[in-house]
1. Taking Cα pairs under 8 Å and at least six residues apart, what relative contact order does region 26-69 come out at, in percent?
2. For the cross-link pairs K25/K134; K67/K101; K67/K89; K67/K142, which exceed 31 Å when the distance is taken from alpha carbon to alpha carbon?
3. With all distinct Cα pairs included, what does the Kirkwood hydrodynamic radius of region 1-86 come out to in Å, to one decimal, could you say?
4. Over the Cα atoms of region 71-152, what radius of gyration and what Dmax do you get, in Å?
5. Evaluate the distance, in nm, between pseudo-label points positioned 7 Å from the Cα of L46 and of K142 along their respective Cα→Cβ axes.
6. Whole number please: convex hull volume per residue, Cα atoms of region 1-150, in Å³.
7. If we count other beta carbons within 10 Å of each Cβ, what is the order of K130, K107, fewest first?
8. Can you compute 3J(HN,Hα) from phi for each residue in region 51-56, using the Karplus curve 6.51 cos²θ - 1.76 cosθ + 1.60 with θ = phi - 60°, rounded to whole Hz and x for Gly and Pro?
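What follows is calculated from the coordinates using simple rules that are stated; it is not laboratory data. From a predicted model like this one, the values you see are computed outputs, not experimental measurements. Counting neighbours? That spans all protein chains shown, and the Cβs are built from the backbone with ideal geometry, glycine included.
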Amino acid sequence: MEHILIYQGDITEMHVDAIVNAANKSLLGGGGVDGAIHRVAGPRLLEECRKLNGCETGEAKITQAYKLPCRFVIHTVGPVWYGGEIGEKELLTNAYLNSLKLAKEYKLATIAFPNISTGVYHFPKELAAKIAMKTVQDFLSKNEFPKTVTFCVFDQENFEIYEQLLH
Ligand code: APR
């Protein structure tokens, strides 16, 4: 369990190998954590993202990090919550899983996730946290990379939810 940490703060300040961006399918930026990451990384991140031709929900793509203190940004697209009957849970699981697979492929030791889909995309925070925690625990139990996964929680509600889940 020590391979999983919780950090309450701004993911753009984290000195990890990769931070995960909760992007949209265009990969051309947005609000929330997507907006913060692009703002700190600078315009060259958008230039690189333009060449990626978007990203399907549940998929993940990796870029350089430019002015961010981390080494890479893994862009993933979480599902919009429409009530849970159209595969949202599987898509959120895939967003975490495909981000972890990229970290493994690039042999990244440390990776930080925001609370994907729980902002603008309205995914229920408690359910999202359970999905995130289970997906990460399962992956870490079967793979050598990443070594440490940090859940970067921005708001107090998510902080308390993740603290409960982990302890
Ligand atoms: N660091 C860490 N977490 C943050 C930050 C930050 N700087 N800013 C916001 N968050 C948190 C939010 O509080 C929320 O808990 O990230 C979580 C995800 O919320 P959103 O950023 O709204 O992402 P999401 O719900 O996945 O919606 C994605 O929003 O920004 C647009 O372009 C993005 O269209 C996409 C949609």
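1. 47
2. K67/K89; K67/K142
3. With all distinct Cα pairs of region 1-86 included, I get 13.5 Å.
4. Answer for region 71-152, Rg first and Dmax second: 12.4, 37 Å.
5. Those two pseudo-labels are separated by 3.9 nm.
6. 96
7. Neighbour counts put them in this order, fewest first: K107, K130.
8. Ordered by residue, 3J(HN,Hα) equals 7, 8, 6, x, 7, 6 Hz.
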